[in-house]
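Please see the structure below; I have some questions.
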Amino acid sequence: MSNTPKIWLSKPHMGSDELRLVTEAFASNWIAPQGPAIRDFEKGLEQATGVRHAVAMASGTAAIHIGLLLLGVGPRDIVICQSNTFVATANPVVYLGATPVFVDSEPYSWNMDPEKLKEAIADLQQKGLESRIKAIMPVHLYGMPANMEEILRIASQYDIPVIEDAAEALGSSYNGIGCGALGDIGVLSFNGNKIITSSGGGALLTNNVHQSDKAHFLITQARDAALHYQHSELGFNYRLSNVSASIGVGQMMVLAERVEQRRQNFRRYQQYFAKWSDAGLQLKFQDEAPKSFSNRWLTSILVDPEKCNGLTASELLHAFSRENIESRPLWKPMHLQPLYRKSPFYGSIVSEQLFSQGLCLPSGSNLTEEEFSRIFSVLDNVFSAFRNKVHAFAS
Ligand SMILES: *Cc1c(COP(=O)(O)O)cnc(C)c1O
């Protein structure tokens with residue numbers, strides 16, 4: 001076991017203004033879920049994504065919850081979700097008493113397969129459940145845009161709203177439109193490991209002023225316009241703190257730089273792996289379609305033992321972990337989670353295979369040269385052993 005410092009998968013990366021902005025919040029005593037930084041942060045998000053209204057919230061999960069409420073999701077309704085995702089995509093569906101129906105991924109983007117989406121809708125239609133489908137929720141996994149053209153076309157054909165889980169995709173775009181601004185509602189997250197962080201937080205994106213007004217109302221305990229505390233609807237305390245928003249404002253100043261740094265990480269890994277493909281180790285990356293621009297939040301690879309002389313993703317993970325380097329399997333698909341075992345699933349084994357072969361590599365925008373050398377030295381060791389295995393066979 002090494003005493004070397006830990007290399008994290010994706011750690012916070014502050015710019016030069018965040019501390020000053022937090023200090024300003026203290027100086028003006030806006031230490032509350034109210035204050036000028038919140039609107040500034042929202043304006044920055046509107047500019048970055050091209051959406052008319054951003055509503056900052058306590059988390060991405062809260063934003064998904066509110067987004068589903070705005071789309072009228074309630075008990076016994078159905079939301080069609082991408083299975084290949086983090087559990088926070090699906091949980092708010094259940095908070096509302098609705099049922100998530102899961103759809104498999106396409107091998108290309110690793111995101112919602114439009115063909116399987118069609119299959120799901122057709123089957124639910126046949127069961128007389130079409131009117132219960134209240135939303136379709138694709139995810140832009142690891143920053144890679146989903147096949148939105150097809151998904152939006154199918155959604156509009158059946159007149160079902162789309163809520164985009166863009167929690168991992170701030171700074172990504174599709175057809176030149178920011179991720180989160182493509183569907184009826186978009187959701188962002190500023191959790192500590194995301195491309196930018198407000199030390200926890202999220203946002204709901206919409207072009208519809210009624211939706212953004214309603215979102216503000218719902219996250220402030222649904223307080224009616226009256227001098228006393230009067231409530232006609234069930235609300236939530238989901239506001240973002242002005243201190244957190246101050247961090248967010250500073251992070252928005254460096255967003256473009258962070259995207260470039262993450263994309264640079266990807267290119268570095270890509271170049272590194274290219275030299276091993278000649279040695280018979282064919283690793284695969286998540287593909288960027290011609291219309292897609294990914295923020296490359298996490299560089300992830302597929303290790304197919306049949307194309308890598310028997311090497312597995314978990315062997316790589318353990319080799320990293322022995323050197324105190326964090327890597328992580330891809331998200332375990334929702335339809336394979338004990339929590340969602342009984343939920344309907346449309347698809348085959350694409351996301352299951354991604355899970356068994358995938359690995360997220362250290363991808364922080366603040367990885368140092370020294371850290372990269374440690375990462376590549378672990379990979380060199382593992383890969384040489386597996387190249388030699390073949391040579392041993394051959395001789
Ligand atoms: C991080 C994340 C969320 C949840 O965001 P929080 O801010 O952590 O609540 C939702 N969906 C996906 C895909 C995520 O990666």
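Each reported figure results from applying straightforward, stated rules to the coordinates on display, with no laboratory input. Predicted model, so just to flag it, every value in this text is computed and none were measured. Cβ placement follows ideal geometry from the backbone for every residue including glycine, while neighbour counts extend to all protein chains displayed.
How many residues, within region 136-158, are outside any loop (DSSP other than H, G, I, E, B) and either within 10 Å of the chain's Cα centre (by Cα) or within 12 Å of the ligand (Cβ to nearest atom) (or both)? Can you show your working first?
Applying the first criterion (outside any loop (DSSP other than H, G, I, E, B)) to region 136-158 yields 136-137, 139, 141-143, 148-158.
Of the ones still in play, those that are also either within 10 Å of the chain's Cα centre (by Cα) or within 12 Å of the ligand (Cβ to nearest atom) (or both) are 137, 139, 141-143.
Residues flagged as outside any loop (DSSP other than H, G, I, E, B) and either within 10 Å of the chain's Cα centre (by Cα) or within 12 Å of the ligand (Cβ to nearest atom) (or both) within region 136-158 amount to 5.
Going through region 169-224 one residue at a time, which ones are of a type in the set (Asp, Glu) and within 16 Å of HIS65 (Cα to Cα)?
Answer for region 169-224, where residues must be of a type in the set (Asp, Glu) and within 16 Å of HIS65 (Cα to Cα): ASP184, ASP213.
Residues checked against (1) in a strand (DSSP E or B); (2) closer than 16 Å to VAL378 by Cβ; (3) touching a Lys or Arg at 6+ places or on another chain (Cβ under 6 Å):
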| residue | (1), (2), (3) |
| --- | --- |
| ARG267 | no, no, no |
| GLN270 | no, no, no |
| PHE273 | no, yes, no |
| ASN309 | no, no, yes |
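Another question, then. Would you please name the residue that is nearest to PHE266 (Cα to Cα), looking only at residues in region 350-377 that are part of a loop (DSSP other than H, G, I, E, B) and touching a residue at least 40 places away in the same chain (Cβ under 8 Å)?
The qualifying residue nearest to PHE266 (Cα to Cα) is SER363.
(1) on the phi > 0 side of the Ramachandran plot; (2) touching a residue at least 24 places away in the same chain (Cβ under 8 Å): which one isn't true of GLY128, the others all being true?
(2)
Name the residue that is nearest to the chain's Cα centre (by Cα), counting only residues in region 1-25 that are more than 30 Å from PHE320 (Cα to Cα) and surrounded by 13 or more Cβ atoms within 10 Å (Cβ to Cβ).
Only one residue fits best here, namely GLU18.
Could you check PRO33 against (1) surrounded by 24 or more Cβ atoms within 10 Å (Cβ to Cβ); (2) within 16 Å of the ligand (Cβ to nearest atom); (3) more than 21 Å from PRO145 (Cα to Cα) and say which number it fails?
The failed condition is (1).
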